[in-house]
1. Please work out, to two decimal places, the log10 of the ratio I(q)/I(0) at q = 0.18, 0.23 Å⁻¹ from a Debye calculation in which every Cα of the range 295-349 carries one identical scatterer.
2. Taking the structure as given and computing percent of Cα pairs over 31 Å apart, which label from (i) 38; (ii) 41; (iii) 56 fits?
3. Could you report the accessible area of SER55 in Å², rounded to 10, computed with a 1.4 Å probe on the protein chains as they sit in the structure?
4. Where the centre of each part is set by its Cα atoms, how far does the range 375-434 sit from the range 286-325, in angstrom?
5. How tilted is helix 88-110 with respect to the longest principal axis of the chain? Cα atoms for both, answer in degrees (0 to 90, nearest 10).
6. I need the calculated FRET efficiency for the pair VAL28 and THR182, taking r as the beta carbon distance and R₀ as 51 Å, to the nearest 0.05.
7. Quick one: helix 325-353 against the long Cα principal axis of the chain, what's the angle to the nearest 10°, folded into 0 to 90?
8. Report ARG100's accessible area, 1.4 Å probe, all protein chains in place, as a number in Å² to the nearest 10.
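The values are calculated or read from the model by the stated rules, or taken from the named source; none is laboratory data. From a predicted model like this one, the values you see are computed outputs, not experimental measurements. Cβ atoms come from the backbone with ideal geometry, glycine included; neighbour counts cover every protein chain shown. Protein only, heavy atoms only, side chains kept; ligands, DNA and RNA dropped before computing areas. Shrake-Rupley method; radii C 1.70, N 1.55, O 1.52, S 1.80 Å.
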Amino acid sequence: FAEGVDRLRAAATTEPGRLRALGALLAVLVIAFGVVTAWQTDSRATAADDVLHRSQPLSSDAADIYRSLADANTMAATGYLAGLQETQATRKTYEDDIKRAASKLVTAAANTDPGSSSATYITQLNELLPQYKGLVESARANNRQGFPVGGAYLRAANDMMQNKMLPKAQDLYKNENARLNTDYGNATPYPWFAIALGLVALGGLAYAQRRNYQRTNRVLNHGLVAASAATAVVLLWVVVGHTVARAGLNDSYDHGVKSLTVLHDARIASLKARSDENLILVSRGSETKTLPDDRVVDTYDWEYDKQLTALAKGLKVADSLADDSAGREPVAVANKSMLVWKSRHGQVSKDNNDGDYQAARQGVIGDGKSTAECFTSVDDSLNLALKHETEEFKQSAGDGLDAMTGLTVGAAVLAALGAAGAVLGIGRRLSEYR
């Protein structure tokens, strides 16, 4: 071992020995640059792919679970108010909502880690869903026979939905949003370690060529030039590729995910408001709550005002986030319908307070100028806005992912060629000593 160390020390004092050491160092630097670049770009490309094809769709599915449950609750209350005049469309919408929620829960369960909090929420929702449906069917059966106890069943179903099911669905939605934010956090940072290593490798190659020029008066060494070119291409590709990818992903978040979140929340607020409006007439003042200022108010009327205020705020934010007319127009229609809804609800409240239940009922679910018409317009407009923003998200996130296509493999191949060029370039100089 000692003799080997002495030989290495002696070799390092000769020009061929220095060239071998320099060639080995350059090859290691370029290969290390390629490996680190491939590793960091692959992890970011994987995270970007998850954003586009996994976490955002799952986040939308979680929001759809919440929306389907809230809409089912709304349709259940609407059908109860209609009684024997319940339309086939209302009944079908309710059943479709239940089926959609069950289907989305299956999809979410298949993509959730066992034992996680999301898996727990999904299990609990799967257990509560048939119980809720049983209460609604009991309410419907008693209502059709004219038994007042049907209202109690419907209020029990609503309490289960509002206090147990929707909070768990909201927690599931928050978890999926957190996963989406994590994927964005993994996809967007620059690969600074790879960039720094690339600059060091380029610096080493420049030093080797300058050293070669000083000792031989030769301007270029073909092998070192090829190695420098390959390293520079990889470095430029990394910087430009990640800059474009980062811009696309940030745009998909700022003009896609943010808008989708606000629109989902606004749509849910409208569904809750509609459900509460129906339950005002179902409960007939039997459900009250005492406010901090000691005022006693109808529970569902108070909740309706709260949700309509949330809807108004959500539409205002959605309008500010929309970046084109196609995104702003449905939000504007929803806002206009919401204002008409609020006005018509005022008349419904007056009729109900005056004891004219039939007029109030007609104002809520009638075929004429009822609040049902306004709610449908709000819901359809928000659905249109959601579809537009989803396409905006897919376009921007897809552009970001495309910018990193081939970067991992390309960096590895070019780095290998660069290392080979460095070795061959130094080998050319070494051959002159033989």
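1. With no solvent term, the Cα-only Debye profile gives -0.66, -0.88.
2. Label (iii) holds the value from this structure.
3. 0 Å²
4. If you average the Cα positions of each part, the centres end up 45 Å apart.
5. Value to nearest ten degrees: 30.
6. Working: r = 34 Å, r/R0 = 0.67.
With R0 = 51 Å, the Cβ-Cβ based efficiency is 0.90.
7. Roughly 20 degrees between the two axes.
8. Rounded to the nearest 10, that gives 80 Å².
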